[in-house]
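Worksheet: the structure to be examined is printed underneath.
The values are calculated or read from the model by the stated rules, or taken from the named source; none is laboratory data. Small disclaimer: the values here were computed from a predicted structure and weren't measured. Heads up, the Cβs are rebuilt from the backbone with ideal geometry, glycines too, and the neighbour counts pull from every protein chain shown. Note: accessible area is taken over every heavy atom of the protein model, side chains too, but ligands, DNA and RNA are not part of it. Shrake-Rupley method; radii C 1.70, N 1.55, O 1.52, S 1.80 Å.
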Amino acid sequence: MHSTLSFSQATTVPTTNYAFHSQSPINLRFCGLRREAFGISILTRSSSGRVRLSTRGRSKRTSASTGNNGTPPKSFDYDLIIIGAGVGGHGAALHAVEKGLKTAIIEGDVVGGTCVNRGCVPSKALLAVSGRMRELQSEHHMKALGLQVSAAGYDRQGVADHANNLASKIRSNLTNSMKALGVDILTGFGTIVGPQKVKYGKVGFTDNVVTAKDIIIATGSVPFVPKGIEVDGKTVITSDHALKLEFVPDWIAIVGSGYIGLEFSDVYTALGSEVTFIEALDQLMPGFDPEISKLAQRVLINPRKIDYHTGVFATKITPARDGKPVIVELTDAKTKEHKDTLEVDAALIATGRAPFTYGLGLENINVVTQRGFVPVDERMRVIDANGNLVPHLYCIGDANGKMMLAHAASAQGISVVEQVTGRDHVLNHLSVPAACFTHPEISMVGLTEPQAREKAEKEGFEISVAKTSFKANTKALAENEGEGLAKLIYRPDNGEILGVHIFGLHAADLIHEASNAVALGTRIQDIRFAVHAHPTLSEVLDELFKSAKVNAPESTSSPISEPVAA
Amino acid sequence: MANVLQTSFLPSTSSLRRPSISGSKGKSQSLQVKAKIREIFMPALSSTMTEGKIVSWMKSEGDKLSKGESVVVVESDKADMDVESFHEGFLAAIMVEEGGVAPVGSAIALLAETEDEISEAKAKSQSSSSSTPQVVEEKPKQIEEAAPDVPAAAAAPSVPVAKAVTLGSAVHPASEGGKRIVASPYAKKLAKELKVDLGTVVGSGPLGRIVAKDVEAAAVAVPVAASPAKPDPVAPGIELGTVVPFTTMQGAVSRNMVESLSVPTFRVGYTITTNALDALYKKIKSKGVTMTALLAKATALALVQHPVVNSCCRDGNSFTYNSSINIAVAVAIDGGLITPVLQDADKVDIYTLSRKWKELVDKARAKQLQPHEYNTGTFTLSNLGMFGVDRFDAILPPGTGAIMAVGASQPTVVASKDGRIGMKNQMQVNVTADHRVIYGADLAAFLQTLAKIVEDPKDLTF
């Protein structure tokens, strides 16, 4: 449920460098180690239920023995304190409990963080509505299926309620799951006051100070609003406001054509709005593989009531007031000259997200943020101003800016818990999938084709590209949704998967076969023998792997060496 | 991977004859040979493609091309494709730069057979791009391309005509006094599709913004059956024996008329005795009441009793019952025809309605009608009675359910039920309706009601 995410994805304004972080070669170096570690993890997990008590004992001992790292050994209130109860913190807390750690989580707002309350979760509710509206409105599509539907309409409040109810439900699920496992939920804003020491409390109340052997910062991010843009929450809004769907404007300008902007364009156009994209870079959807973004533009932008301005900044946006519309000043990204002025009914600022790290007390432990992000190494260990690791302090999720996705935060949290419970672990960010829930959906894992080509050139290997179309897939055709493409970028010499990109029906659900293969190091020559049910959309990937030309033999050690009779 | 498509090189054999240069020695023989300069056309890469975008030129001007070699990557509505050469030669001149868009079949580059001809081809491409095509090809041309064939003298009057249909300009309070056109994204897309010049459209959206329905209205601005503009058989400024391309407005009318063919219409006629109406008209004429207003009022009152005749079919799946009865009345204006709308004609009294009508007609003649004053009609009246036409047939304007063609009222010898023969004033009306929503019995009942109202018109004055 919380592995969906699109909301915390990085920005189209070149202020956060998601792309840079995500393809950091450091992660690649640890691939071998990570795979080895994974084997152990499987064993641990299968027996975790039975060995919880003993594990807990072990962890206590561990804390005592490693406690003499600068601070005198002492007893702590908790084994682990997590600041921030978003998806990252929640994932870390659950895993920590499973590992037998006494865990607390500090939350100053609502449990669930951005994803559950103001991000992926409510947006999926809106997108579920927009998908159905789109189908019902597509006369051509309905006719092709032999269906007759009279005019489709919607009730704005009903749609908004659906999104809000979903967020409440997921929020209470999250809260209950932590309570049931015995995680202490401490209310208030957490501040680090010294090594292994955190205070928390609400404004105007006395602060409580708690100590923990290890601390994870998981404070997430807030919508990034560039200078010159005045957000009034009514006509100039961020995703926080848009998800409440308080009104559906006739014409809305969306600043930024990344995940957030794209998803909202899907929602708004399905509900009858017209959309103007404002993109700082020269092409729309800059974060995606170029071929995918080109195809996506043909399907998601061109035939819809959407126009766009590329290569421009929205340097000034004034909310509607005194009978005047929302005014958007466009400035050429290169010449910095005024280019155009738009007058629209509303503007949605979707220029990415900025880390929420202010007031964390990082100065107390000599840590300086970089554009607000907490600097960390590949193990999420916080780095101080002098470049040294801060002991017992970790930062996961949007706050470190490595990969601003909810499920990446959760994976980072699990990785940290693995480390503090005595097992080295490094997350391979190239195996973390990402998805954009437009209709149809876009998903990806690993490198884009240009990134792969650059890497191939640098490291001196060949790459190949294989593609399959949804048009050839029986299930897609049965749904009358043949529009789509799956693309595989791989090494023909050894069959390594470098990147997979899918645009098409249920792409977000389809990507996991590829991301799991990347995570497990499965090679194409092996995965191509895996069987897919017919007829399913998963055969798009089956075809994809089969169409790749690999010059390496299958692995000799088959996972199942003996034939299994059905 | 881009698909490779063999296409696009239609030779234009005529080409240009090299001018023989007097005094040049030696080469005069070769100069006699006709140069081969071929045009490279924008290919049709899919059945729905109407224009293509040049993604990139894989060759630059002056490059040698061999047969089958890819020259250019073209983006259609579906995909990017490499286009390869059918002929050998030199890419002499690129006429549509990268990122440019060209309609299918138009020249995007010139191919010279020999290196010597490159400069000639270049000159040719310049002349054709600056002073518009000098007819360099023999292929049957598309309508737009016919324009340059018209002698300048004849082409000139068509410009004022295009201006004449301009119904004001997009005056937007925040658009620097109308210098900038404020149109919604969909309106822009539609305008491109329907070939409507946004500069000529009046916006009805918030703060005068042009929205989709304004563009649609502009395209439909001349909806009804052709009406004789002026008795003059040949309007001044028209040169006989020429082909004059449609103006934007006329193009829109043409499309609209063709579009009406997709609506299953049928017609029902009725003869109505107008003696009582004529008498009423005579009585209240001095108070400024017009016959048009009386007919509109009578129609509106009949529509109150038959809401289905005031409905329309928007999506092919449902009835749209209009909440108000807005009678559009066709009026011939210079260079076209417009349909000012009498809103809520059933509710407004006849005197106000007549005043409103006069105001609308004045505005229409001055081209100052606002969109809501000509595109909100739910039922249309077209009256050619003043020309002595006794009956005709109207084309249903797309987006409405019915239109009534009204002929002249004239004295007719009729037999009455009691076996006598007498003289009565009678007019013929003929309603064209969309049979998806309005059926024969509906129209029949409506006409019967209308006849009753006209034959006993006391309700018209309240």
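Determine the order of B:Y186, A:Y259, B:Y439, A:Y154 by accessible area, beginning with the largest, at a probe radius of 1.4 Å.
Working: B:Y186 65, A:Y259 10, B:Y439 110, A:Y154 85 Å².
Correct descending sequence by accessible area is B:Y439, A:Y154, B:Y186, A:Y259.
Using a 1.4 Å probe, how large is the accessible area of A:R118, given in Å² and rounded to the nearest 10?
For A:R118, the solvent-accessible surface is approximately 70 Å².
Within region A:294-319, whose backbone N sits under 13 Å from a point 7 Å along Cα→Cβ of A:D282?
The answer is A:310-312, whose backbone nitrogens lie closer than 13 Å to the label point.
Counting only protein heavy atoms, probe 1.4 Å: which residues of region A:322-369 lose 10 Å² or more of accessible surface in the full assembly compared with their chain by itself?
A:G323, A:P325, A:D340, A:T341, A:E343, A:D345
Just how much of B:V253 is accessible, in Å², when a 1.4 Å probe is used and the result is rounded to the nearest 10?
Rounded to the nearest 10, that gives 30 Å².
Run the accessible area of region A:430-547 with a 1.4 Å probe and give the carbon-and-sulfur part as a rounded percent.
Of the solvent-accessible surface of region A:430-547, carbon and sulfur hold 51 percent.
Taking only protein heavy atoms into account and a 1.4 Å probe, give the accessible area per residue of region B:263-453 in Å².
Averaged over the residues of region B:263-453, the accessible area is 44 Å².
Whose amide H sits under 5 Å from the amide H of A:I237, counting only residues 5 or more places off or on another chain, with H placed in the peptide plane?
The answer is A:A347, A:L348, A:I349.
Which value in nm describes the separation of the simple spin-label points at A:K202 and B:R355, placed 7 Å from the Cα toward the beta carbon?
According to this spin-label approximation, the distance is 6.5 nm.
Students often forget the sequence filter, so: which aspartates and glutamates lie under 18 Å Cα-Cα from B:K458 once same-chain residues fewer than 8 apart are removed?
In chain and number order, the partners are B:D278, B:D346, B:D349.
Suppose R0 equals 60 Å. What FRET efficiency, 1/(1 + (r/R0)^6) with r the Cβ-Cβ distance, do A:L145 and A:V209 give to the nearest 0.05?
FRET efficiency, A:L145 to A:V209: 0.40.
Could you order A:K199, B:K282, B:K213, B:K452 by accessible surface area, starting with the largest, using a probe radius of 1.4 Å?
B:K282, B:K452, B:K213, A:K199
Would you mind checking A:K455/B:K189; B:K282/B:K356; A:K294/A:K546 for any pair whose Cα atoms are more than 30 angstrom apart?
Pairs exceeding the cut-off: A:K455/B:K189.
Using a 1.4 Å probe and ignoring any ligands, DNA or RNA, find the accessible area of A:L342 and quote it in Å² to the nearest 10.
Roll a 1.4 Å probe over it and A:L342 shows about 10 Å².
Which FRET efficiency, nearest 0.05, do B:K452 and A:E479 yield, Cβ-Cβ r, R0 51 Å?
0.35
Students often forget the sequence filter, so: which aspartates and glutamates lie under 19 Å Cα-Cα from A:K475 once same-chain residues fewer than 8 apart are removed?
Correct list for A:K475: A:E135, A:E441, A:E483, A:D509, A:E513, A:E539, A:D542, A:E543.
Quick check: with the 1.4 Å probe, what order do A:E329, A:E454 take by accessible area, largest first?
Correct descending sequence by accessible area is A:E454, A:E329.
So how much accessible surface do B and A hide from each other in total, probe 1.4 Å, in square angstrom to the nearest 100?
1900
Which stretch or stretches of region A:473-494 have amide N atoms under 14 Å from the point lying 7 Å from A:K546's Cα along the Cα→Cβ direction?
Only A:473-475 pass the distance filter.
Determine, from the Cβ-Cβ distance of B:A444 and B:K192 and an R0 of 56 Å, the FRET efficiency 1/(1 + (r/R0)^6), rounded to the nearest 0.05.
0.80
Taking the Cα centre as origin and putting +1 on Lys and Arg beta-carbons and -1 on Asp and Glu beta-carbons, what dipole magnitude results for region A:187-333, to the nearest 20 debye?
Values: 14 positive and 18 negative charges, 116 e Å.
Roughly 560 debye, rounded to the nearest 20.
Could you sort the residues of region A:130-167 by number and keep only those whose accessible area is reduced by 40 Å² or more in the all-protein-chain setting relative to the chain alone, 1.4 Å probe?
Buried by the other chains: A:E139.
Calculate the dipole size of region B:285-380 relative to its Cα centre from +1 charges on Lys and Arg beta carbons and -1 charges on Asp and Glu beta carbons; express the result in debye to the nearest 20.
320
Please list, or write none, the aspartates and glutamates whose alpha carbon is within less than 15 Å of the alpha carbon of A:K336, excluding same-chain residues fewer than 8 places away.
Partners found: A:E279, A:D282.
Taking the Cα-to-Cβ direction at B:T242 and at B:R267 and moving 7 Å from each Cα, how far apart do the two end points lie in nm?
3.5
Length gain on complete extension for the stretch A:L520 to A:K324, per 0.36 nm per residue less the alpha carbon to alpha carbon distance?
Difference between extended and current length: 64.9 nm.
Can you pick out the pairs among A:K124/A:K467; B:K287/B:K367; A:K99/A:K213; A:K99/A:K179; B:K124/B:K192; B:K287/B:K358 whose Cα atoms lie more than 19 Å from each other?
Pairs exceeding 19 Å: A:K124/A:K467; B:K287/B:K367; B:K124/B:K192.
For region A:419-557, give the magnitude of the charge dipole about the Cα centre (Cβ charges: +1 Lys/Arg, -1 Asp/Glu; no others), in debye to the nearest 20.
Around 160 debye, computed over region A:419-557.
Just which residues of region A:256-305 lose 40 Å² or more accessible area with every protein chain there, against their chain alone, with the probe set to 1.4 Å?
A:E274, A:K294, A:R298, A:K305
At 7 Å along the Cα-to-beta-carbon direction for both B:E69 and A:I185, put a label point, then send me their distance in nm to one decimal.
Spacing of the two 7 Å Cα→Cβ label points: 7.1 nm.
Hey, if you put +1 on the Cβ of every Lys and Arg and -1 on every Asp and Glu Cβ in region A:430-547, which of A:S443, A:F503, A:V518 ends up farthest toward the positive end of that dipole?
A:V518
Taking only protein heavy atoms and a 1.4 Å probe, what accessible area per residue, in Å², does region A:430-547 have with all protein chains in place?
Numbers: 4600 Å² over 118 residues.
Roughly 39 Å² per residue, with all protein chains present.
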